[in-house]
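To start, the structure itself, in C-alpha cells.
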Amino acid sequence: MVVTYNGRKWVDFCFGSLAKSVIPLNIIVVDNGSEDGTVDVIEQKYLDVHIIRSPDNLGFGKGNNLGMEAALENKADYIFLLNQDAKIEPDTILKLVQKQKENPAYGILSPVHLNGNGSELDFKFSKHHMAPHKCEGLLSDLYLKNNIDKIYKATTLNAAAWLLSRDCMEKVGGFHPLFSHYGEDDNYLHRAKSKKVGIGIYPEAVIYHDRNDRSKNSYFVDTYVMRKRALLKALTNPLIKKPFQAQRKIVAWAVISSLIRLNGSQLKESIRLLRFLYNVRSQLEEIKPSSEKEYPFLNT
C-alpha cells in the first residue's frame, strides 16, 4: 500500500519494483490530492493498482488509514506500507512474510533501509535503528559477519516500509488521526507495545529510500512544531501513566522558567504550548475509540 502526493517522479521507481515482486500483491494507492499527474501515470502504466482518490491532503496517517480499511475489508492477511519514494527488491515482501509466519509474535516487521541507489544505509535508518540500545545485536552481527537470518527486536521503526500482520491490525488499528505528518509511526509503536505486539527488523529484507538529495536538516522544523509534536506523542502514549498531568507540569515549568530568565520568545512559545495542551486534550476525548470499535481510528 502506497500513499502518494505529487510523487510522479517516483512512480516507476516505486511501482515498477512492486510489479516485479515474486509474491502476488494487491496494490492499493491512496492519493492525497496530487496535482502533478501522479495518478494519471499510475493508471496508464500500472493497470492492476487500486486507486483511492482523496480530494484533500490527509497526511501520511489518515491516508494510510483509508488503504488499511480497504485492505482489511478485502480479508488481507498482511499489509505492507511503502513510501512513494521507496522501492523493494523482488523478494523483499516474500522474505518478510515468511519470517513473520515463523515468528507470529512480531506484528510489525521492517526491512533494512538503504539509500536510493543502495550505496549506503538510509541516513535516518542508520541514525535511529543502528545504535546498539535501539536494536540490540544487529550492528555487531553485521560487522562480525554473523548469521543475520533472524528478527532483531527494535525500539523504533521508520514507517517508510512496514509489514503489518492482520493480528497486529486487529489489536492496534490504524494511525492516530491527530498526527498529520511525523510522529504517527511513534504513536503506533507505543500502542503496539501496549498490546504486546512485537516490532522488529529483518535485515535479510531490503528496501531503497530515495531521499539522498534532500537536506538532512529539512527534517527538523522550528522548535515550537517539534515541541508540539513531542507533547502530542506523550499525551497519546498508552505506556505513560497520567500523561496530561505530567505534560502540564513540564509546560507550566517552562512558562515559569521563561519568566524568571526574562526570555520573551521562549515565554511566548511555552504559552502557545500550554494552550495547545488544553486544546488537544479535548480533541483526544472527542476521538477516543470505544472498546467496541474493531479497528480504532480507521473510521474517524
Problem - Test result for Ser140, open to solvent by 10 Å² or more (accessible area, probe 1.4 Å), polar (S, T, N, Q), at pLDDT below 95 and over 18 Å from Gly200 (Cβ atoms) - result: no
Fill in the blank from the handout: Only one of (1) outside any strand (DSSP E or B); (2) at pLDDT 95 or above; (3) open to solvent by less than 20 Å² (accessible area, probe 1.4 Å); (4) not charged (D, E, K, R) does not apply to Asn146, and that is (3)
Exercise for the section: Residues being surrounded by fewer than 22 Cβ atoms within 10 Å (Cβ to Cβ) and not small (Gly, Ala, Ser): count how many of those fall in the stretch 56-80. Expected result: 12
Practice task
Please give the number of the condition Pro296 fails out of (1) assigned to a loop (DSSP other than H, G, I, E, B); (2) open to solvent by 100 Å² or more (accessible area, probe 1.4 Å); (3) closer than 30 Å to Leu72 by Cβ.
Solution key: (2)
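Each row is one residue, and each column tells you yes or no for (1) in a strand (DSSP E or B); (2) hydroxyl-bearing (Ser, Thr, Tyr).
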| position | (1), (2) |
| --- | --- |
| Gly67 | no, no |
| Lys75 | no, no |
| Lys87 | yes, no |
| Lys99 | no, no |
| His113 | yes, no |
| Ser119 | no, yes |
| Asp141 | no, no |
Handout entry: Identity of the residue in the stretch 236-246, over 18 Å from the mean Cα position of the chain (by Cα) and in contact (Cβ under 8 Å) with a residue 24 or more places away in the chain, that ends up least open to solvent (accessible area, probe 1.4 Å)
Key = Phe244
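Residues are listed down the side, and each one gets a yes or a no for (1) in contact (Cβ under 8 Å) with a residue 60 or more places away in the chain; (2) open to solvent by 50 Å² or more (accessible area, probe 1.4 Å):
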residue	(1), (2)
Pro104	yes, yes
Ser110	yes, no
His113	yes, no
Met130	no, no
Cys135	yes, no
Handout entry: Which numbered condition Ser270 fails, given (1) open to solvent by less than 50 Å² (accessible area, probe 1.4 Å); (2) under 27 Å from Asn158 (Cβ atoms)
Key = (2)
Problem - Residue that is least open to solvent (accessible area, probe 1.4 Å) [pool: residues in the stretch 149-170 that are in contact with an Asp or Glu (Cβ under 6 Å, 6 or more places away or on another chain) and under 20 Å from Phe125 (Cα atoms)] - result: Ala159
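Yes/no per residue for (1) under 20 Å from Ile88 (Cβ atoms); (2) aromatic (Phe, Trp, Tyr); (3) open to solvent by 50 Å² or more (accessible area, probe 1.4 Å); (4) modelled with pLDDT of 95 or more:
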{"residue": "Asp12", "(1), (2), (3), (4)": "yes, no, yes, yes"}
{"residue": "Phe15", "(1), (2), (3), (4)": "yes, yes, no, yes"}
{"residue": "Leu18", "(1), (2), (3), (4)": "yes, no, no, yes"}
{"residue": "Ile23", "(1), (2), (3), (4)": "yes, no, no, yes"}
{"residue": "Ile28", "(1), (2), (3), (4)": "yes, no, no, yes"}
{"residue": "Asn32", "(1), (2), (3), (4)": "no, no, no, yes"}
{"residue": "Val39", "(1), (2), (3), (4)": "no, no, no, yes"}
{"residue": "Glu43", "(1), (2), (3), (4)": "no, no, yes, yes"}
Exercise for the section: Inspect all residues belonging to the stretch 171-191 and state whether any of them is surrounded by fewer than 17 Cβ atoms within 10 Å (Cβ to Cβ), among the charged types (D, E, K, R) and over 14 Å from the mean Cα position of the chain (by Cα). Expected result: no
Handout entry: Condition broken by Phe125, with the remaining ones in (1) among the aromatic types (Phe, Trp, Tyr); (2) outside any helix (DSSP H, G or I); (3) over 30 Å from Arg281 (Cα atoms) satisfied
Key = (2)
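The values are calculated or read from the model by the stated rules, or taken from the named source; none is laboratory data. These numbers were taken from a predicted model, which means no experiment stands behind them. Positions of Cβ are backbone-derived with ideal geometry, glycine not excepted, and every protein chain shown enters the neighbour counts. Ligands, DNA and RNA are excluded from the accessible area calculation, which covers all protein heavy atoms including side chains. Shrake-Rupley method; radii C 1.70, N 1.55, O 1.52, S 1.80 Å.
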